[in-house]
1. Looking for something within 16 Å of the chain's Cα centre (by Cα) and either within 24 Å of F149 (Cα to Cα) or free of Cβ contacts under 8 Å to residues at least 24 places away in the same chain (or both) - is there at least one such residue anywhere in the range 16-30?
2. So which residues in the range 123-157 are touching a residue at least 24 places away in the same chain (Cβ under 8 Å), of a type in the set (A, V, I, L, M, F, W, C) and closer than 15 Å to M98 by Cα, if there are any at all?
3. Could you tell me how many of the residues in the range 148-207 are more than 17 Å from the chain's Cα centre (by Cα), basic (K, R) and closer than 23 Å to L64 by Cα?
4. Scan the range 95-103 and give yes if some residue there is within 22 Å of V46 (Cα to Cα), exposed (fewer than 13 other Cβ atoms within 10 Å of the Cβ) and of a type in the set (G, A, S), otherwise no.
5. So, L101, is that one farther than 24 Å from R164 by Cβ, at pLDDT 95 or above, of a type outside the set (D, E, K, R) and out of contact with any strand residue (DSSP E or B) (no Cβ under 6 Å at 6 or more places or on another chain) or not?
6. Does L143 satisfy the condition of being touching a His at 6+ places or on another chain (Cβ under 7 Å), assigned to a helix (DSSP H, G or I) and among the hydrophobic types (A, V, I, L, M, F, W, C)?
7. Just to be sure, is A89 of a type in the set (A, V, I, L, M, F, W, C) and under 16 Å from the mean Cα position of the chain (by Cα)?
Amino acid sequence: MKRILFTCLAFCLLCLPASAQEVAEGVNFVRLAEPQSVQTGQKIEVLELFWYKCPHCYKLEPYLKRWLKNKPDNVEYVRMPAILNNSWAFDAHAFYTMEALGLTKLLHDAYFNAIHEERKRIFTPEHFADWAATHGADRQAVLETFTSFGVSTKVTYASDMTRRYQTNGVPTIIVDGIYQTKVSMAGGSNELIDLINHLAAKAQEER
């Protein structure tokens, strides 16, 4: 009986979220084999690798939005579409098209909702341009930008960085080009937010 109780206790301790334990490298986060440069200058970069069709990324969005309202002043948040296989490149094109046309605020949340709530099937540039037009975007501008050299260059960069960030799934958080973590490593979405702040402070100290 004692052995059974001890085994159960040990298992429960392993299941505790990161905030209830001492944060440990190799358990709650990993250090990238090679540090990557950041886009945020003097500020600590918190970069999210995501995919629009990932339900876990969609579920994390509200937590990140709340965090953004109260994030540390020395931290800047960056989104990057992950490309783990060729089919993911389509949504990377969609993301960078929004960015290039200044439509991210208008379309980012709407596109997530279209996929996960409205169950829309958007799989071609024409489908995306038609959908964007229903939200007030210029259909022809969207269509031309989607396949433009500038957007394609950024998609290629995102594909390369996905590999450099050593991720095998999304959402993945990269802090200051050094640390990688995920919801599963943190112990939950709320715990991930706490861990992001912890790693950002750690990165600031190391700078």
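The values are calculated or read from the model by the stated rules, or taken from the named source; none is laboratory data. What you see is a predicted model; the values in this text were computed from it and never measured. Every residue, glycine as well, gets a Cβ built from its backbone with ideal geometry; the counts of neighbours run over all protein chains shown.
1. No, the range 16-30 contains no residue that is within 16 Å of the chain's Cα centre (by Cα) and either within 24 Å of F149 (Cα to Cα) or free of Cβ contacts under 8 Å to residues at least 24 places away in the same chain (or both).
2. Hits for the range 123-157 are F128, A132, A137, A141, V142, F146, V151, V155.
3. The number of residues fulfilling the criteria is 1.
4. Yes, the conditions are met somewhere in the range 95-103.
5. Values: farther than 24 Å from R164 by Cβ: yes; at pLDDT 95 or above: yes; of a type outside the set (D, E, K, R): yes; out of contact with any strand residue (DSSP E or B) (no Cβ under 6 Å at 6 or more places or on another chain): yes.
Judged against the criteria, L101 is a match.
6. Working: touching a His at 6+ places or on another chain (Cβ under 7 Å): no; assigned to a helix (DSSP H, G or I): yes; among the hydrophobic types (A, V, I, L, M, F, W, C): yes.
So L143 does not fit the description; no.
7. Numbers: of a type in the set (A, V, I, L, M, F, W, C): yes; under 16 Å from the mean Cα position of the chain (by Cα): yes.
So A89 passes the test.
Here's the yes/no breakdown for (1) at pLDDT 95 or above; (2) acidic (D, E); (3) in contact with an Asp or Glu (Cβ under 8 Å, 6 or more places away or on another chain):
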{"residue": "A158", "(1), (2), (3)": "yes, no, no"}
{"residue": "T162", "(1), (2), (3)": "yes, no, no"}
{"residue": "G169", "(1), (2), (3)": "yes, no, no"}
{"residue": "I178", "(1), (2), (3)": "yes, no, yes"}
{"residue": "K182", "(1), (2), (3)": "yes, no, no"}
{"residue": "M185", "(1), (2), (3)": "yes, no, no"}
{"residue": "D194", "(1), (2), (3)": "yes, yes, no"}
{"residue": "A201", "(1), (2), (3)": "yes, no, no"}
